[in-house]
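We did not get these values from a lab; they are worked out from the coordinates using the rules stated. Keep in mind that this is a model prediction, so the values were computed, not measured. Reconstructed Cβ throughout: ideal geometry from the backbone, glycine too, with neighbour counts over all protein chains shown.
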């Protein structure tokens with residue numbers, strides 16, 4: 001039997017700081033993460049993941065599959081975790097690939113069927129950081145070009161592809177929802193899980209796509225939700241306007257206005273504020289009256305710093321990217337295209353990217369300082385306790401490794417050690 005290897009290539013660097021704490025296939029796009037789609041397509045028992053070594057133990061604990069140990073199977077199907085494809089599309093791709101054939105799209109390696117010796121060489125390269133994988137593919141595989149697939153290469157790919165993947169996931173998962181409800185306007189359905197509470201006079205708009213609301217969700221008046229949208233289990237929506245193309249993860253608290261954005265699980269944006277064309281990681285808190293810009297006054301395209309280079313996104317609308325455990329203070333304004341690192345806290349007006357583990361309050365007269373590792377872990381644990389959870393040892397160790405790995409990021413922009421006094 002051919003086993004499946006999910007791997008990440010070196011493009012994970014383009015999605016830092018989001019990918020400091022997770023492989024690229026654990027970023028949500030649509031109603032699911034790509035890793036979930038691959039595992040469901042081929043089965044837990046037949047799937048292993050190959051990732052950067054510092055992610056290994058935490059990922060194994062989260063996904064309950066083997067990580068960085070491909071075993072002794074005779075042959076493997078290798079799938080790039082940056083590939084965006086539904087379960088059915090993945091199965092069709094697998095069936096269409098011959099042994100020794102490598103599939104590329106837009107210059108990105110997507111998949112390969114290979115004997116164990118080749119799979120081992122590729123796995124070793126991924127664990128060391130993923131450089132030059134495409135060269136290996138071209139060396140060991142017959143090349144086939146397939147232009148119908150999309151991949152995650154840059155942060156804005158998450159935002160661009162979210163509506164499209166939402167539509168595909170909603171169509172594929174329609175049967176798992178026990179109930180349907182009529183929308184206030186539009187012909188697409190409203191899909192409901194068990195124990196969903198929608199207060200009277202909330203407005204559900206399905207003119208542009210389906211709305212899926214998982215079990216245990218509470219939607220308070222006077223919320224308005226426009227599809228396509230996916231709302232994860234046990235989340236609470238407080239007088240919110242959710243515009244189309246939005247994904248909200250499980251156990252979130254969301255209020256204010258959210259447009260065309262992705263919010264991972266266990267994050268809070270409970271108060272009046274605006275989030276547009278943005279990505280929010282897990283365990284993030286956005287304070288009241290904070291806003292993210294997704295449009296320049298000039299209506300020009302938005303540039304981002306990607307892996308040390310300034311790149312033009314060629315997007316007029318693009319918001320912010322908040323890594324796991326980051327915190328946004330009350331009444332904070334973050335400029336379009338900015339990235340906030342893991343466990344960082346931002347205050348005031350934020351016009352630059354903020355490295356991980358940093359207190360950032362330049363606009364209110366405070367020099368940026370490093371958040372000590374012990375403080376970051378303590379703050380994260382307090383937030384978990386508010387959801388009746390405890391941080392597991394694998395996650396603590398991951399955060400420690402990310403803290404060490406990002407020290408150079410802080411040094412390059414002059415972040416000092418010291419006490420934050422605001």
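How would the chain be classified by its alpha-carbon gyration tensor: rounded, prolate or oblate, with rounded meaning a/c under 1.5 and the a/b versus b/c comparison settling the rest?
Oblate, since a/c reaches 1.5 and b/c is not below a/b.
Could you line up 22, 142 from fewest to most neighbouring Cβ atoms inside 10 Å?
Result, fewest neighbours first: 142, 22.
Which percent, nearest 5, of DSSP beta bridges in region 156-340 are antiparallel?
Approximately 15 percent, going by the DSSP bridge assignments.
Can you compute the FRET efficiency between residue 352 and residue 74 using 1/(1 + (r/R0)^6), with r the Cβ-Cβ distance and R0 = 45 Å? Round to the nearest 0.05.
Efficiency at R0 = 45 Å is approximately 0.30.
Roughly speaking, what is the stretch gain from residue 386 to residue 176, that is 0.36 nm per residue apart minus the C-alpha to C-alpha distance, in nm to one decimal?
Extra length from residue 386 to residue 176 when fully extended: 72.6 nm.
How many nm separate the modelled label positions at residue 215 and residue 147, each set 7 Å beyond the Cα in the direction of the Cβ?
Placing both labels 7 Å along Cα→Cβ, they lie 4.5 nm apart.
For a test of the definition: using alpha carbon positions, the gyration tensor, and the 1.5 limit on a/c, classify region 182-310 as rounded, prolate or oblate.
Prolate, because a/c is 1.5 or more and a/b exceeds b/c.
May I ask you to compute the full-extension gain from residue 224 to residue 303, defined as 0.36 nm times their residue separation minus their alpha-carbon distance, rounded to one decimal in nm?
So the chain would gain 25.3 nm between residue 224 and residue 303.
Hey, what number do you get for the chain at 222 nm if only DSSP H runs of n ≥ 4 count, each worth -39500 (n - 2.57), divided across all residues, to the nearest 500?
Computed ellipticity for the chain at 222 nm equals -7000 deg cm²/dmol.
Out of the DSSP beta bridges found with both residues in the chain, what percent are antiparallel (nearest 5)?
25
Taking a virtual spin label 7 Å from the Cα of residue 195 along the C-beta vector, which residues in region 232-246 bring their backbone nitrogen under 18 Å of it?
232-237
Is region 282-418 rounded, prolate or oblate when judged by the Cα gyration tensor, a ≥ b ≥ c being the square roots of its eigenvalues, rounded requiring a/c under 1.5 and prolate requiring a/b larger than b/c?
It comes out prolate by the Cα gyration axes.
Roughly what % of Cα-Cα distances in region 354-422 sit above 16 Å, to the whole percent?
So the portion of pairs separated by more than 16 Å is 52 percent.
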